[in-house]
1. Amide H neighbours of Gly148 under 5 Å, at least 5 residues apart or on other chains, H built in the peptide plane: list them.
2. Calculate one ³J(HN,Hα) per residue across region 71-77 by plugging θ = phi - 60° into the Karplus curve 6.51 cos²θ - 1.76 cosθ + 1.60, and present them in order as whole Hz with x for glycine and proline.
3. For Ser95 and Ala128, FRET efficiency with R0 = 45 Å and r from the beta-carbon atoms, rounded to 0.05?
4. Provide the percentage of antiparallel DSSP beta bridges, counting only those with both residues in region 105-179; round to the nearest 5.
5. With a cut-off of at most 15 other beta carbons within 10 Å, and DSSP calling the residue loop, which trypsin sites (Lys or Arg not before Pro) in region 64-97 qualify? Please list them.
6. Could you work out the relative contact order of region 105-179? I mean the mean sequence separation of Cα pairs under 8 Å and 6+ apart, divided by the number of residues, in percent.
7. Among residues other than Asp80 whose Cβ falls under 13 Å from its Cβ, what is the net charge (Lys/Arg +1, Asp/Glu -1)?
8. What number comes out for the charge environment of Asp107, summing +1 per Lys or Arg and -1 per Asp or Glu over other residues with Cβ under 14 Å away?
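Just so it is clear, none of the values below were taken in a lab; they were calculated from the coordinates. None of these values were measured; they are calculated from a predicted model. Cβ: placed from backbone, ideal geometry, glycine included. Neighbour counts: every protein chain shown.
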Amino acid sequence: MKRWIPGLALMAALLPGAALFGANSAPPAAPQTDAGLAAAVARQIVMYPYYSVWDAVDLRIDNGRVALSGVVNQPFKKSDIESLVARIPGVAGVSSDIKVLPLSGFDDQLRLRVARAIYGDPMLSRYAYMAQPPIHILVDNGHVTLVGVVNSQMEKNIAGARASGAGLSFGPITNDLVVENPPAKKS
């Protein structure tokens, strides 16, 4: 069974009551299905202490084989995430197409400006207090892309407008945010 999981923000929604495993607790049993394995992999990635709003890792599961894709802003994150996933019980193998974004002081400044603009907005500020904020800000050589999940089309539009207003971006902002609760279509 092939299963594609777009963005870990969507998977995090499936794990609201997941408990943290301490050093003395037993590891979870190996998942028996690709769906169970997908949840375990997604959980491990979002629990990785250096996974942040500057990163977006997607995964695909096919008969226990995990295919990783997406972007991270530091080289060590790529290798750490690949190693973490490989050690999960039930993972038959890992392939990775995770891209490391170019290291750039300019891009780092732009990330911070966009994050302040988005998470400082009164409509979106509640997201800033989450352990893993759902709006991820990807900056590649001055080009900004927003990915993740928001509750409404209005929040998506506000996030895009705030990111555009932050300045310094090379070109238009790409707003790939997913609306969790789209309005019902009228028939």
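1. Close amide H contacts, sequence-distant or interchain: His136, Val178.
2. 9, 9, 9, 9, x, 5, 5
3. On the way: r = 34 Å, r/R0 = 0.75.
Computed FRET efficiency for Ala128 and Ser95: 0.85.
4. If I count the DSSP bridges inside region 105-179, around 50 percent turn out antiparallel.
5. Answer in residue order: Arg87.
6. On the way: 116 pairs, mean separation 26.1, N = 75.
For region 105-179, the relative contact order is 35 percent.
7. On the way: positive: Lys77, Lys78, Arg87; negative: Asp55, Glu82.
Here the charged neighbours net out to +1.
8. Values: positive: Lys99, Arg111, Arg113; negative: Asp55, Asp108, Asp140.
Summing Lys/Arg as +1 and Asp/Glu as -1 gives 0.
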